[in-house]
Amino acid sequence: MKVSEIIYRVKAAIDELPNSGEGNIVGDEAYDNLSSIIRDKIPYALEWVLINAPQTKIDSSMVTSFEGGSAESGGQLEMTFGIDYMVTVKLPDNFLRILSARLSSWYYSPIPVSEFSETALLQQSRVAKGCPDMPVTVLCTEDRNKVLKMYTAESKKDKLYVEMICKPESTTTDDMADIAVPTKTIKSFIYYIAYLTLLAFRDASASNFLAEASRELSINKEE
């Protein structure tokens with residue numbers, strides 16, 4: 001989407017189009033700065049959508065894949081083996097979200113859990129920790145770097161398969177610039193920018209746009 005279209009659609013959503021006869025949420029004095037405020041919110045809204053959207057709503061062109069190469073050699077990602085074939089994967093600096101991560105001996109890709117979760121704590125037990133039949137992945141921070149701990153490989157010959165979303169490269173937000181927004185998330189993207197914009201003006205209706213943005217992504221609902 002072009003930035004100019006994004007700005008127009010956000011203004012329409014909050015009834016702030018010129019000569020619409022409605023709105024005046026931001027007030028006459030702030031209206032001239034409205035486009036700039038909307039423009040500034042675009043990167044934040046895009047990241048929110050990419051983090052929260054169901055995988056089925058993410059365009060395949062926005063997914064980065066790492067596959068092939070044994071875990072022993074590391075393939076395309078920096079990896080190390082710990083005790084009992086626990087694998088630690090250093091994630092790239094622009095990492096945003098894991099979509100799928102598994103080793104070749106695993107039957108499926110588990111959803112990564114937080115390092116502060118009960119499941120993560122159980123990985124310290126030789127009896128309760130994950131194994132190739134019931135694997136566990138834990139997203140952690142070590143030395144200010146995001147890492148994925150994978151419990152556990154069957155052997156050092158295991159291969160790694162990872163799909164993730166990385167932060168969009170910094171792009172200009174000039175009016176004619178194109179912003180790559182997943183097609184199925186455009187409404188949520190627009191509503192979330194509207195939410196951030198109205199939040200900047202401390203408008204009470206901001207929460208309504210957050211609720212609508214979440215509803216459009218089917219957050220907390222099954223696909």
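The values are calculated or read from the model by the stated rules, or taken from the named source; none is laboratory data. Note that this is a predicted model, so its numbers are computed, not measured. No Cβ is skipped: glycine too gets one built from the backbone with ideal geometry, and neighbour counts run over all protein chains shown. Remember, those area values only see protein heavy atoms, side chains included, never the ligands or the DNA or RNA. Shrake-Rupley method; radii C 1.70, N 1.55, O 1.52, S 1.80 Å.
As an exercise, identify the trypsin sites (Lys or Arg not before Pro) in segment 115-223 lying in DSSP coil whose Cβ has no more than 15 other Cβ atoms within 10 Å. Don't skip to the end; give the middle numbers.
On the way: sites: ARG126, LYS129, ARG144, LYS146, LYS149, LYS156, LYS157, LYS159, LYS184, LYS187, ARG202, ARG215, LYS221; in loops: ARG126, LYS129, ARG144, LYS156, LYS157, ARG202, LYS221.
For trypsin sites (Lys or Arg not before Pro) across segment 115-223 that sit outside H, G, I, E and B with at most 15 neighbouring Cβ atoms in 10 Å, the list reads ARG126, ARG144, LYS156, LYS157, ARG202, LYS221.
Please give the direction-averaged projected area of the C-alpha convex hull for the chain, in square nanometres with one decimal. If you can, show how the numbers build up before the last one.
Working: hull surface 57.6 nm².
Mean projected area of the Cα convex hull: 14.4 nm².
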- Message: Going by Cα centres, segment 39-61 and segment 176-201 are how many Å apart?
- Response: 9 Å
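Hey, which of these cross-link pairs are over 20 Å Cα-Cα: LYS57/LYS149; LYS146/LYS167; LYS2/LYS187; LYS11/LYS167; LYS149/LYS184?
Numbers: LYS57/LYS149 27 Å; LYS146/LYS167 14 Å; LYS2/LYS187 15 Å; LYS11/LYS167 26 Å; LYS149/LYS184 31 Å.
Correct reply: LYS57/LYS149; LYS11/LYS167; LYS149/LYS184.
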- Name the most mobile residue of ASP175, ASP203, ASP143, meaning the one with the largest mean-square fluctuation, in a Gaussian network model of the chain with Cα contacts below 10 Å. ASP143
- Message: Ignoring ligands, DNA and RNA, please state the percent of accessible area on the chain from carbon and sulfur, probe 1.4 Å.
- Response: 47 percent
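Sort 53-63, 80-90 for me by packing, meaning the mean count of neighbouring Cβ atoms within 10 Å per residue, highest on top. Please report the intermediate quantities before stating the final value.
Working: 53-63: 13.6, 80-90: 15.6.
The packing order, highest mean first, is 80-90, 53-63.
Hey, what's the chain come to in accessible area per residue, 1.4 Å probe, Å²?
Solvent-accessible surface per residue comes out at 57 Å².
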- With springs connecting C-alpha atoms under 10 Å apart, model the chain as a Gaussian network and identify which of PHE66, PHE189, PHE116 has the largest mean-square fluctuation. PHE116
- From zero up to wherever the largest Cα-Cα distance of segment 120-223 sits, split into 10 Å bins and tell me the percent of pairs in each. 11, 24, 26, 24, 13, 2
- The set of residues whose placed amide H lies less than 5 Å from the amide H of GLU154, leaving out same-chain residues fewer than 5 positions away, is SER105
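Considering Cα pairs under 8 angstrom that are at least six residues apart, work out the relative contact order of the chain and quote it in whole percent.
Numbers: 368 pairs, mean separation 63.1, N = 223.
Relative contact order here is 28 percent.
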